[in-house]
Structure formats: structure tokens, C-alpha cells
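Any read-out appearing in this document is the output of simple, stated calculations on the displayed coordinates, not a laboratory observation. Please read all numbers here as calculations on a predicted model, not as lab measurements. No Cβ is skipped: glycine too gets one built from the backbone with ideal geometry, and neighbour counts run over all protein chains shown.
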Amino acid sequence: MHQKDILQILDDPAYNSSTNYIDLSADLSDSHVNDSFNILDPEGRSHNIPLTIIVVRTPNGNHLWHSFEGVTGKANLMVWLKDAIYYRNNGVSG
């Protein structure tokens, strides 16, 4: 996902009142980040893996989530957000 995509989606009143966006950027100069990537790639190459995670709390208190590694695209993100709102509203479209 590009940040531009999420910001455009959040401009829509259907999402901006019911969606929180948190950007957790990782700076590759942080040794913990590099250690994590070294676990994923023992050759120690430099990485920047975009990861999008959508978490929703259902009316009964359960948490559901969807994640995607790589650039998601605006269309996919909108489908996932619609699904999250549906489940948050106990099966009623938002």
C-alpha cells in the first residue's frame, strides 16, 4: 500500500469516521530492524517490505485481521476495509 492510497481513502466520509490509520515505519538504521530482516534473509541484504495489517474488533470482542506483504493497491485496501466494517457491525454493511 502506498501512503497516498490510504490518505485518499480516509478522505472519504464512509471511512474517515470509522477507521484509524497508524504508520509504523521502520528505519533500516535500527539494529532491531536489521536483525529481523537477517532472520528472514540470512544473506543480510537490505530490505524494505511494506506490510499492511487491518484489525477489526467484532461486537462480541473477538479480533479479526487481514495482512498483506507488498504493495496492496487502493482497490484491494478498500475491499478489505469494507469487509472489516461489515464484521465490526456484526454482519451489517456500514
| Which net charge results when you count Lys and Arg as +1 and Asp and Glu as -1 among the other residues whose beta-carbon is under 13 Å from that of residue 78? | -2
| note | The set of residues whose placed amide H lies less than 5 Å from the amide H of residue 73, leaving out same-chain residues fewer than 5 positions away, is 2
